[in-house]
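**Student:** One structure, as structure tokens, below. Some questions next.
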Amino acid sequence: FVGEMMKRVLLVALFAMACTAHAEKKDKVYTVQSATNPDAVDSGSQAVLEITITPKPPWVLKTTTPMKIKLEGSKGVRLDKKKLSNKDITDPKTEAKSVKAGFEATEKGEQRIDADMSFFLCTEEICQRYTDKTKATFTVN
């Protein structure tokens, strides 16, 4: 009877741990923001896309781990760079890491820039690879 009771307690504990681990995977350990500067762009003018990845403690985005961001603009956008890496981080000392890419707006109307991202977030114990997508939409006058 005691052995059977211990098995049940262990099974309940393992189930609870599995549920907790699953819940942690669903919650993002970071946020991503993307924006253009200026918000509305004049046709033929230069503007800047900024993507910011902000890890939630205890996670950090280290500048020594690989980071790849592939950019693709809509038809009316000419990108200065189509690939960004950890070398493009504007200020490596900040908790939130930002990269910037210049672009020219070549056609009027709604335009957008899509970004496919791959990066590593680390704690004291582990580093884990994450992939995500973001986009910035803006109006060209």
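Readers should treat all values here as calculations from the given coordinates under stated rules, not as data from a laboratory. Just so it is clear, the model here is predicted, and its values are computed rather than measured.
**Student:** To one decimal place, what orientation-averaged projected area in nm² is obtained for the convex hull of the Cα set of the stretch 23-133?
**Tutor:** Values: hull surface 29.3 nm².
About 7.3 nm², averaged over all directions.
**Student:** Taking the Cα atoms of the stretch 87-141 alone, what are Rg (to one decimal) and Dmax (as a whole number) in Å?
**Tutor:** When restricted to Cα atoms, the stretch 87-141 yields Rg and Dmax of 15.3, 49 Å.
**Student:** Given the Cα-Cα distance of THR106 and LYS83 and 0.36 nm per residue of separation, how much length would full extension add, in nm? Walk me through the numbers on the way to the answer.
**Tutor:** Details: separation 23, 0.36 × 23 = 8.28 nm, distance 1.99 nm.
Between THR106 and LYS83, full extension yields an extra 6.3 nm.
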